[in-house]
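Q: Have a look at this one.
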Amino acid sequence: MVPACEPALFGPTRNPWDTSRSTSGSSGGSAAAVASGMVPAAHANDLGGSIRYPASACGLFGLKPTRGRNPLGPEYGDAVSGWAVEHALTRSVRDSAALLDATSGPAPGDPYWAPPPVRPFTAEVGADPGRLRIGYSPRTPDGTLGHPDCLAALDDAASLCAQLGHDIVEVDFTGVTPEVGTAIGTVFNAATAWILRYWIRRLGREPGPDEIDPLTRAYWDAGQRVTAADYLLAIEDLQAFGRGVAAFLTDVDVWLTPTLSSPPLPIGEIVSTPDEPMRALERGGSTVAYAGVIANITGNPAMSVPLWWNAEDLPIGVHFLGRFGDEATLLRLAGQLEAARPWAGRVPAVHATAEPVTRTFS
């Protein structure tokens, strides 16, 4: 339930670029597997940024599809009012598009589905995106600035887009009010309660005192106090917010920000304890201040693109939010950026192609 993968049961998932650093999350295991060359692609899902955040931290391409693009059946109709989506983390844009072609719906019984694509998603990779109007902002929704490395990555991406012929305009999105923040918290609390109740029903018992993370337990306790009316009011408020985002995206084709608001944190930072159950939320929240959750609230597609590395050779991704149902524009732009600034040949020190280490055992 936080942007990290450091479970007490198995220990932390380590970032192949620097094994003392977090992969972000929550699909951090998949990100580490792809970044280190174990596999060419790995399943990921995204309820609040969990495809895009580890993509940024691990130097990968991460596309969050439009709500309803990939079916969730037969197990689910939707998840958390459509916030959660399934897809993958990949090294290349082409691989992400090919997987989406293979998995996207609709499937029989889906409660709703995304507008069908005009042509296969792989056909968009390498197609001319045209001259896009790209809005960008260095400020988080509360008006603060991210880490200097994240701002440098943003400036670099904006400059590259301008060199490729796109119109770049600085524009802030100011719709994340305190009321919206409260509604987001209500949904996350309710989502945790749903997840726990799902597994209680599957397993036929409640979790023991040491079976769930302290923060998850705190979320669960809060979620059990959320009434059905509270949840529906929160969804109503967030749907109104989504209309504002749709209006905002009539003036720009895509909106560019940093993906994360800080480089990957050291292992152990985004961890809760029984004495400090909210610690992981507070530390993790400092890394995701650019509110990737906006794409989950609205259902819009979004992507993190690996264009920049800092002085410590840590990848710093940039984030593009697209219009509802318009993965095509994002994939065209991503393909253009990948061709202009190829990243596939840049691999971390911990990688399948690295020189083997010879060890002598006594």
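Q: If each residue's Cβ is checked for other Cβ atoms within 10 Å, how do Phe320, Phe188 rank with the fewest at the top?
A: Numbers: Phe320 28, Phe188 22.
Ranked by crowding around the Cβ, least crowded first: Phe188, Phe320.
Q: Which of rounded, prolate, oblate describes the range 91-159, given a ≥ b ≥ c as roots of the alpha-carbon gyration tensor eigenvalues and a/c under 1.5 marking rounded, otherwise prolate only if a/b is larger than b/c?
A: Numbers: a/c = 2.51, a/b = 1.79, b/c = 1.40.
Prolate shape, in that a/c is at least 1.5 and a/b is the bigger ratio.
Q: If you don't mind, there's one more thing I want to ask. I need the shape label for the range 1-132. Rule: rounded when a/c is under 1.5, else prolate if a/b > b/c, else oblate, with a, b, c from the alpha carbon gyration tensor.
A: On the way: a/c = 2.27, a/b = 1.35, b/c = 1.69.
Oblate shape, in that a/c is at least 1.5 and b/c is the bigger or equal ratio.
Q: Let me ask something else about it. If R₀ is 22 angstrom, what is the calculated FRET efficiency for the pair Ala247 and Ala123, using the beta carbon separation as r and rounding to 0.05?
A: Values: r = 30 Å, r/R0 = 1.36.
Once rounded, the FRET efficiency stands at 0.15.
Q: If I stretch the segment between Leu9 and Arg205 completely, what's the gain in nm (0.36 nm per residue apart, minus their alpha carbon distance), one decimal? Kindly include the intermediate steps, with their values, before the conclusion.
A: Details: separation 196, 0.36 × 196 = 70.56 nm, distance 1.95 nm.
That pair, Leu9 and Arg205, stretches by 68.6 nm at full extension.
Q: A follow-up question, please. Assign unit charges at the C-beta atoms only (+1 for Lys and Arg, -1 for Asp and Glu), then state the dipole size of the range 14-340 relative to its Cα centre in Debye, rounded to the nearest 20.
A: Working: 23 positive and 37 negative charges, 124 e Å.
Computed charge dipole of the range 14-340: roughly 600 debye.
Q: Could you work out how far apart the two model spin labels at Asp172 and Ser159 are, taking each label as a point 7 Å from the Cα in the direction of the beta carbon, and quote it in nm?
A: If labels sit at Asp172 and Ser159, their model points lie 2.4 nm apart.
Q: For a test of the definition: using alpha carbon positions, the gyration tensor, and the 1.5 limit on a/c, classify the range 14-340 as rounded, prolate or oblate. Walk me through the intermediate numbers first.
A: Details: a/c = 1.43, a/b = 1.28, b/c = 1.12.
Rounded, since a/c falls under 1.5.
Q: Could you compute the FRET efficiency for Asp230 and Arg133, with r as their C-beta to C-beta distance and R0 at 35 Å, rounded to 0.05? Write out the running numbers ahead of the final one.
A: On the way: r = 39 Å, r/R0 = 1.10.
My answer for the efficiency is 0.35.
Q: For each of Val350, Val176, Val85, count neighbouring Cβ atoms within 10 Å of the residue's Cβ, then give the residues from fewest to most.
A: On the way: Val350 16, Val176 19, Val85 27.
Fewest-to-most Cβ neighbours within 10 Å comes out as Val350, Val176, Val85.
Q: Where the centre of each part is set by its Cα atoms, how far does the range 144-172 sit from the range 313-332, in angstrom?
A: Rounded to whole Å, the Cα centres lie 13 Å apart.
Q: To make sure I understand, if each residue's beta carbon is the centre and we count other beta carbons within 10 Å, what order do Phe121, Phe10, Phe241 fall in, fewest to most? Could you put the intermediate results ahead of the total?
A: Numbers: Phe121 24, Phe10 9, Phe241 20.
Listed from fewest to most nearby Cβ atoms, that is Phe10, Phe241, Phe121.
Q: For the pair Ala339 and Met38, how long in nm is the line joining their label points, each one 7 Å along Cα→Cβ?
A: Taking the two extended label points, one gets 3.4 nm.
Q: Please list the helices of the chain that count as membrane-span-like by this rule: a mean Kyte-Doolittle hydropathy of at least -1.0 together with Cα atoms stretching 27 Å or more along the helix axis, each helix being a complete DSSP H run. Each step should come with its number before you reach the end.
A: Values: long enough: 178-203 (38 Å, 0.44); 228-248 (30 Å, 0.76).
Length and hydropathy pass: 178-203, 228-248.
Read-outs: derived from the displayed coordinates by stated rules, not from any lab. Please read all numbers here as calculations on a predicted model, not as lab measurements. Please note: Cβ atoms are built from the backbone with ideal geometry, for glycine as well, and neighbour counts cover all protein chains shown.
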